[in-house]
Amino acid sequence: MATDKEKTKKLRQDVAPFAKSDTGKSVFQMINTMVPLFVLWIAGYMLVDYSPWLTAGLSVISAGFVVRTFIIFHDCTHGSFFKSKKANDWVGLVTGVITSFPYEKWKREHTIHHATSSNLDKRGIGDIDMMTVEEYLEASKGQRLWYRFYRNPFVMFGLGPLFMVFILNRGNRKDAKTKERVNTHVTNVILAVVCATLIYFLGWQAFLLVQGVTLFVAGSLGIWLFYIQHTYEDSYFEHDSEWDYVKAAVEGSSYYKLPKILQWATGNIGFHHVHHLAPRVPNYNLEKAHNETPPLHTATTITIRTSLESLRYKLYDEELRKFVSFKEVKETIKRKGSIAA
């Protein structure tokens, strides 16, 4: 019988053949993603005087292409979109501007996320803030109130995109190196120039209807995808001494089974368990890697309907090894109180 170590090695070997970029596929994906995006944006500006509502509608559709553009950006940060590091860096910079993300900053923080995902002792960088039940019970009233505010869906998916675009993406962490800081400043300057130019020539109202609506909707969708890929009832979490990379990937990342059109728009990122197991697999190979690697079929599968249930999951219960709601925490308090008595 194979040991866990041998199974882990075998699983990573099975996925390795899919971790190869195809320049033709990558270039074609850039064309079928960014060309329609710019066409939609141009159409939106042209139609704004005729019908602001039609422009807003096109902007919502544009948001799907921005999400897909972000997946290209995301692959570049992993060095998986092109064989050439220089090509990944340049495309990453351009797609970072389109999606408002500084390339070097997000690359470093997302790498940390992959190295610490589902690790209870190494939270805080590149992930959504999460408290355990024990931490919540020990927190002050002010800390609990802030956490409840933060985990409210209207805040997370409503104010979240605004915070991400205007604050989080515009600065660096204190430990950032010069290269990362320069890249963030360059991205900010380019964005400022582009936005100022569009507003000057087309007007701030048109700018908000096209760029504003697009980025807001895309940001909300992006946060939702990131949230659901790690927040589901039986998601894997463990302390550092027991934490396992493969378990964190396969058991701590979901397979978000989406309709084909949404799977296309989100660049196959629903196969998140595959991505966390092997980050060098380009997005267009994720589905094939999943289909042809039977052990990966055990990953938790979530649909649009079942994913909505995750909105109630607020805290991770280490004893029960699952996410729970604030309401269920009250039952935990009663349970512990009866044990103490």
### Matching residues, the stretch 282-324, being of a type in the set (A, V, I, L, M, F, W, C) and loosely packed, with under 15 Cβ neighbours inside 10 Å
I304, L308, L320
### Task
Please work out which residue is modelled with the highest pLDDT, limiting yourself to the stretch 9-47 and to residues that are under 25 Å from the mean Cα position of the chain (by Cα), among the small types (G, A, S) and assigned to a helix (DSSP H, G or I).
S26
### Message
Being among the β-branched types (V, I, T) and touching a Phe, Trp or Tyr at 6+ places or on another chain (Cβ under 6 Å) is the filter here; which residues of the stretch 158-209 pass it?
### Response
I199
### Task
Would you mind telling me which numbered condition in (1) at pLDDT 95 or above; (2) surrounded by fewer than 16 Cβ atoms within 10 Å (Cβ to Cβ) L137 fails?
(1)
### Message
Name the residue that is least open to solvent (accessible area, probe 1.4 Å), counting only residues in the stretch 99-133 that are out of contact with any strand residue (DSSP E or B) (no Cβ under 9 Å at 6 or more places or on another chain) and on the phi > 0 side of the Ramachandran plot.
### Response
S100
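Quick grid of which residues meet (1) open to solvent by less than 70 Å² (accessible area, probe 1.4 Å); (2) farther than 29 Å from V246 by Cα; (3) outside any helix (DSSP H, G or I); (4) in contact (Cβ under 8 Å) with a residue 24 or more places away in the chain:
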| site | (1), (2), (3), (4) |
| --- | --- |
| G57 | yes, yes, no, no |
| V60 | no, yes, no, yes |
| F73 | yes, no, no, yes |
| G79 | yes, no, yes, yes |
| D89 | yes, no, no, no |
| V94 | no, yes, no, no |
| V97 | yes, yes, no, yes |
### Message
Could you list, ordered by first residue, the pairs with Cβ atoms under 7 Å in which the first is in the stretch 11-26 and loosely packed, with under 15 Cβ neighbours inside 10 Å and the second is part of a helix (DSSP H, G or I), at least 6 apart or interchain?
### Response
K25/Y284
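How about the stretch 263-281: which of its residues are open to solvent by 10 Å² or more (accessible area, probe 1.4 Å) and either within 17 Å of H110 (Cα to Cα) or hydrophobic (A, V, I, L, M, F, W, C) (or both)? First the steps, then the outcome.
First, pick out the residues of the stretch 263-281 that are open to solvent by 10 Å² or more (accessible area, probe 1.4 Å): 263-266, 268-269, 278-280.
Across the stretch 263-281, the qualifying residues are W264, A265, I269, A278, P279, R280.
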### Query
Here is a list of conditions, (1) part of a helix (DSSP H, G or I); (2) closer than 27 Å to H272 by Cβ, and G142 meets all of them except one; can you say which number that is?
(2)
### Message
Regarding the stretch 156-171, can at least one residue be identified that is farther than 25 Å from C76 by Cβ, part of a helix (DSSP H, G or I), open to solvent by less than 40 Å² (accessible area, probe 1.4 Å) and touching a strand residue (DSSP E or B) at 6+ places or on another chain (Cβ under 6 Å)?
### Response
no
### Query
List, please: which pairs have Cβ atoms under 8 Å, are six or more places apart or on different chains, and start with a residue in the stretch 286-301 that is in contact (Cβ under 8 Å) with a residue 24 or more places away in the chain and end with one that is surrounded by fewer than 17 Cβ atoms within 10 Å (Cβ to Cβ) and assigned to a helix (DSSP H, G or I)?
H290/H297; P295/K7
### Query
From the residues in the stretch 251-262 that are free of Cβ contacts under 8 Å to residues at least 60 places away in the same chain and open to solvent by less than 20 Å² (accessible area, probe 1.4 Å), which one is nearest to T116 (Cα to Cα)?
S254
### Query
Of all the residues that make up the stretch 29-55, how many are open to solvent by 30 Å² or more (accessible area, probe 1.4 Å) and within 21 Å of K85 (Cβ to Cβ)?
1
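Scan the stretch 34-53 and tell me whether some residue there is polar (S, T, N, Q) and touching a helix residue (DSSP H, G or I) at 6+ places or on another chain (Cβ under 8 Å). Step through it out loud before you land on a result.
At the first step, the residues of the stretch 34-53 found to be polar (S, T, N, Q) are 51.
Going one step further and asking which of them are touching a helix residue (DSSP H, G or I) at 6+ places or on another chain (Cβ under 8 Å), we end up with none.
Checked the stretch 34-53: no residue is polar (S, T, N, Q) and touching a helix residue (DSSP H, G or I) at 6+ places or on another chain (Cβ under 8 Å).
The values are calculated or read from the model by the stated rules, or taken from the named source; none is laboratory data. On a predicted model such as this, the values are computed, not experimentally measured, just so you know. As a convention, Cβ positions derive from the backbone with ideal geometry for all residues, glycine included, and neighbour counts pool all protein chains shown. Side chains included, ligands, DNA and RNA excluded: accessible areas come from the protein's heavy atoms. Shrake-Rupley method; radii C 1.70, N 1.55, O 1.52, S 1.80 Å.
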